Amino acid sequence: MDKIISIYWFTVLFLITGAIVYMVAIFYGEPFDVRDAESHLLNVQIADCFSRGGYLPQVIFDGENFLINRENLLDTCKLSFVTEDFSNWNEQGQYYLEVEILDFDTKSPFELPPPIRIGNFNLRELCNLGKRFPKCESQKIYVLDKNNFPYQINILSAVRKVEKNVI
Amino acid sequence: MLSNRGQISDTSMWVVSTIIILVIISSAILLTSLGGEIKETLGLEKSVKINFEKEVPYKSLFAFLLTKNSEGVRIFSKLSFPEGDLNDFSGKLALRIFKNFYGDTFPNIWFGVGEGYFEFRSNEYFGVGYQTQFGSIFIKLNENKWVELILEN
């Protein structure tokens, strides 16, 4: 009888231990979702790039023309959209960035450069639809040029990277 | 004659206790597997929040202070005078920038001038100023005056 009881005790012990391990694993085993932070940092980087001490820097606006465009935005703002080689990430494109320069008073892009769009455009349509969708953040900044003319810069960034941030 | 009653009650006790243990374990597993909702309720969601939220508004505030009015005087200079405060030009511009740009993220926004030791001047554009522990951006205008932008969730 004692032998049976001790076997039973061990069975219950293993059952409880297994259950606790399983529960901790499913509760805390989820990866950290850093995409909110990543899209926010992208916005901050663009804001830094477009506003130095409240003014548009020379590399963006030389006083007469906007020098920034789709081709040089990443280099000028010291960004790279290259990701680790994981689950075809580089082929799909894990980032999207949109920068729009508007006249602050009229909100018109007239005579201003067209919106700059870089990266995987499909991410824009799927913004913040749920956990397994891209995380996006938009920001607006008020900035002046050297002639003290005010502009509104609209920034939108999207990060996909679902596989490493969500189970 | 030997009786089996003692043995039966002993066995039923073990069976009942096993069932109780199994029920407790399964309900705990069920609860934890619900995961997301419980974590949200307990505030244990695994996401990374960074304290960069005010970086972008700070840039707009800088540009706002450098903006010149129709006389060619910067808002910064106007506000630095002892009697300087938000006027029709700077007050409306501040509303257009701070409320329109950041109002969705920060429902409580106040912008205005302060002086001395935490004395906030109320203004007709943002109302009564207040002291806050979090969420304020502060730029000194001179020895006694400063501008403060409060952005709170």
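Some values worked out for this structure:
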| read-out | value |
| --- | --- |
| A:Val59 touching a helix residue (DSSP H, G or I) at 6+ places or on another chain (Cβ under 7 Å) and part of a strand (DSSP E or B) | no |
| Residue pairs meeting the criteria (Cβ under 8 Å; at least 6 apart or on separate chains; first among the hydrophobic types (A, V, I, L, M, F, W, C), in the range A:112-131; second open to solvent by 90 Å² or more (accessible area, probe 1.4 Å)) | A:Ile116/A:Arg70; A:Ile118/A:Arg70 |
| Residue tally, condition within 50 Å of the chain's Cα centre (by Cα) and in a helix (DSSP H, G or I), over the range A:1-32 | 19 |
| Single residue of A:Leu97, A:Leu126, A:Leu79 found to be in contact with a Gly (Cβ under 6 Å, 6 or more places away or on another chain) and farther than 23 Å from B:Lys99 by Cβ | A:Leu97 |
| Test: B:Gly84 is over 27 Å from A:Ala47 (Cβ atoms) and surrounded by 15 or more Cβ atoms within 10 Å (Cβ to Cβ) | yes |
| Conditions (1) closer than 30 Å to A:Phe104 by Cα; (2) open to solvent by 70 Å² or more (accessible area, probe 1.4 Å); number of the one not met by A:Trp9 | (1) |
| Flag for B:Tyr117 being farther than 14 Å from B:Leu79 by Cβ, open to solvent by 50 Å² or more (accessible area, probe 1.4 Å) and either assigned to a strand (DSSP E or B) or touching a strand residue (DSSP E or B) at 6+ places or on another chain (Cβ under 7 Å) (or both) | no |
| Residue in the range A:55-64 that is charged (D, E, K, R), open to solvent by 40 Å² or more (accessible area, probe 1.4 Å) and in contact (Cβ under 8 Å) with a residue 24 or more places away in the chain present | no |
| Checklist (1) open to solvent by 30 Å² or more (accessible area, probe 1.4 Å); (2) within 14 Å of chain B (Cβ to nearest Cβ); (3) touching a Gly at 6+ places or on another chain (Cβ under 9 Å) applied to A:Ser138, failing item | (3) |
| In the range A:34-54, residue most open to solvent (accessible area, probe 1.4 Å) [restricted to those that are touching a helix residue (DSSP H, G or I) at 6+ places or on another chain (Cβ under 8 Å) and either at the interface with chain B (Cβ under 7 Å from one of its Cβ atoms) or within 21 Å of A:Asn147 (Cβ to Cβ) (or both)] | A:Val34 |
| The range A:16-32 residues that are within 9 Å of chain B (Cβ to nearest Cβ) and over 13 Å from B:Ile25 (Cβ atoms), paired with ones that are in a helix (DSSP H, G or I) and open to solvent by less than 40 Å² (accessible area, probe 1.4 Å) (beta carbon under 8 Å, 6 or more apart) | A:Ile26/B:Thr32; A:Phe27/B:Thr32; A:Phe27/B:Lys39; A:Pro31/A:Asn165; A:Phe32/A:Asn165 |
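Each row is one residue, and each column tells you yes or no for (1) over 24 Å from the mean Cα position of the chain (by Cα); (2) free of Cβ contacts under 8 Å to residues at least 12 places away in the same chain.
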site: B:Tyr58; (1), (2): no, no
site: B:Val73; (1), (2): yes, yes
site: B:Gly84; (1), (2): yes, no
site: B:Ser90; (1), (2): yes, no
site: B:Ile97; (1), (2): no, no
site: B:Gly103; (1), (2): no, yes
site: B:Ile109; (1), (2): no, no
site: B:Val113; (1), (2): no, no
site: B:Tyr125; (1), (2): no, no
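The values are calculated or read from the model by the stated rules, or taken from the named source; none is laboratory data. Every value quoted in this text rests on a predicted model; they were computed, and no experiment measured them. Don't worry about glycine lacking a Cβ; one is built from the backbone with ideal geometry, like all the others, and counts go over all protein chains shown. In case anyone asks, the SASA skips ligands and DNA or RNA and just uses the protein heavy atoms, side chains included. Shrake-Rupley method; radii C 1.70, N 1.55, O 1.52, S 1.80 Å.
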